[in-house]
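Written below as structure tokens is the structure these notes are about.
The values are calculated or read from the model by the stated rules, or taken from the named source; none is laboratory data. Please read these numbers as outputs of a predicted model, since none were measured by experiment. Surface areas here come from the heavy atoms of the whole protein model, side chains and all, with no ligands, DNA or RNA. Shrake-Rupley method; radii C 1.70, N 1.55, O 1.52, S 1.80 Å.
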There are 2 protein chains.
Amino acid sequence: MYPHMSGFFSVYGISTGLLVSGDDIIDRVISSLKDTEAKSIENGDILLFAESPLSTTEGRNIRLDDITPSAEAYRLSEKYHLDARLAEVVIQESDTIVGGVPGYLLAGKWDLILPNAGVDESNAPDGWVTRLPADPEASAKRLRDEIRERTGKDTAVIIIDSRTHSMRLGVSGVAIGCSGIQPISDERGKPDLYGNKLQVTRRAIADSLASTAELLMGEASEGVPVVLVRGYPYIRCENCRIETIPAEEDLFLNLGK
Amino acid sequence: MYPHMSGFFSVYGISTGLLVSGDDIIDRVISSLKDTEAKSIENGDILLFAESPLSTTEGRNIRLDDITPSAEAYRLSEKYHLDARLAEVVIQESDTIVGGVPGYLLAGKWDLILPNAGVDESNAPDGWVTRLPADPEASAKRLRDEIRERTGKDTAVIIIDSRTHSMRLGVSGVAIGCSGIQPISDERGKPDLYGNKLQVTRRAIADSLASTAELLMGEASEGVPVVLVRGYPYIRCENCRIETIPAEEDLFLNLGK
């Protein structure tokens, strides 16, 4: 555990102002932190980065007018009522298209089902769309290394996105990349309150931290692309990655079987 | 908003010790809080209660030896490899059984798909199972009213459970009842950073707070059944409830269509 086990933690929103392609996001975080109660980055802090502003700084925005839709993109755009150029970008960003609802394609990407493969028209200049970071795990490692170089502090970094959940209204957070933190806490075999061993419980620590961060981020013009969590006793891990699960263990994909 | 919009909030775990049927959970929270950094309940605090210890105090535990399985319970217990008496309790707690995986039935309840309808052998005495609160919305209202009566403070209360997510390892939090807080923040029509209107974004505030609380609760013998969130600017609402969404708007249920 790092730092010490404690009964409380604090969550700080870091308002950096608008970020554009090529901006140094760590520099902006360090200078913006001075205006918050957190003041600076400390050992054991967890920094959570929203994918859209991060990918913007990484040059992942793309202009729709530069896209030539394929025949498949035109077919999907008519079936699901979305811009054919947007459909083309979603196809390029996906492993597979598994379906859709009006306005959205459901895309397979990174072994997940992502609406529009994470391609988004919000928080991009008019006529542009944001794409997810090309490699969120690599982004997380790079950001953590940069923080260590500039501040000397050892932190954890999580890249987050929003997701919907079956039958529930509204989005919450999901981790798509991490560095320095074990994203899943495996509690199988631990004793419960009565000394029975827990059988199947693994806790999605990184996803829950992502949802915590989203409480301060919002999706609109709040301009809070980074959140700092201080005092949470996470388990350090140098080579942990976000994991998906085999389809045969997936409750949702086994509905009706 | 209540209290004031702020850039940070704090999250406190409240360790009450073991709770049994008939225990006064609010009394235990108030006395346990004195040993935490939060000290006491204040106006604007959000209190989150894990469903299992709460339902235990509400007398919702049941002894498996008192259950006579039906023929359908025997059939499901063989197909999905679980105790026939447990299968019978799940059937009784469900609106419908929609499938299963080894060890679990997938149950329709409250318009959600819940593994074993929330019936759990963890954190119950040997031979007993916990059931979800009979009416979590009513529980939330009752707890909030009791807090107001005993402390004079106006709070929000959320009853939480754990959920899995399609293709993801590990559980995070979900709100199953609330009082005094608007569970969904509707941001449709708000401007994004570039002044474009957000089209489809509703934020699951109560679910994200549930995930935040689970970071301190755990599923094992931590004995932290209640978490207090202080400083988060939630939107007050007297008659808000947790909502599900129509199946035709559900991305997951429309896979492949």
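Table for the structure above
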| item | result |
| --- | --- |
| Amide H contacts of residue B:178 (H built 1.01 Å from N, under 5 Å, at least 5 apart or other chain) | B:159, B:242 |
| Accessible surface of residue A:24 - all protein chains present, 1.4 Å probe, nearest 10 Å² | 60 |
| Computed log₁₀ I(q)/I(0) - Debye formula, equal Cα scatterers, no solvent, the protein assembly as shown, q 0.08, 0.12 Å⁻¹ | -0.49, -1.13 |
| For chain A, alpha-carbon Rg over 2.2 N^0.38 Å | 1.07 |
| Members of A:109/B:190; A:39/A:190; B:109/B:153; B:39/B:141; A:79/A:141 lying beyond 31 Å, as alpha-carbon distances in this model show | A:39/A:190; B:109/B:153; A:79/A:141 |
| Mean ellipticity per residue at 222 nm, deg cm²/dmol - from DSSP H runs of n ≥ 4 across chain A, formula -39500 (n - 2.57) | -7500 deg cm²/dmol |
| Average accessible surface area per residue within the protein assembly as shown, 1.4 Å rolling probe, Å² | 40 |
| Percent RCO, i.e. relative contact order, over chain A, from Cα pairs under 8 Å lying at least 6 residues apart | 26 |
| Extended-chain gain in nm, criterion 0.36 nm per residue less alpha-carbon gap, residue A:37 and residue A:148 | 37.9 nm |
| Rg over Rh [alpha-carbon atoms, Kirkwood Rh] for region A:1-130 | 1.11 |
| Heavy-atom accessible area, 1.4 Å probe, ligands and nucleic acids excluded: residues of region A:154-175 down by at least 50 Å² from chain alone | A:163, A:165, A:166, A:167, A:168, A:169, A:171 |
| B/A buried area, accessible surface, summed, 1.4 Å probe, Å² | 7800 |
| With eigenvalues of the C-alpha gyration tensor scaled by 5 and rooted, region B:62-130, Å | 17, 14, 11 |
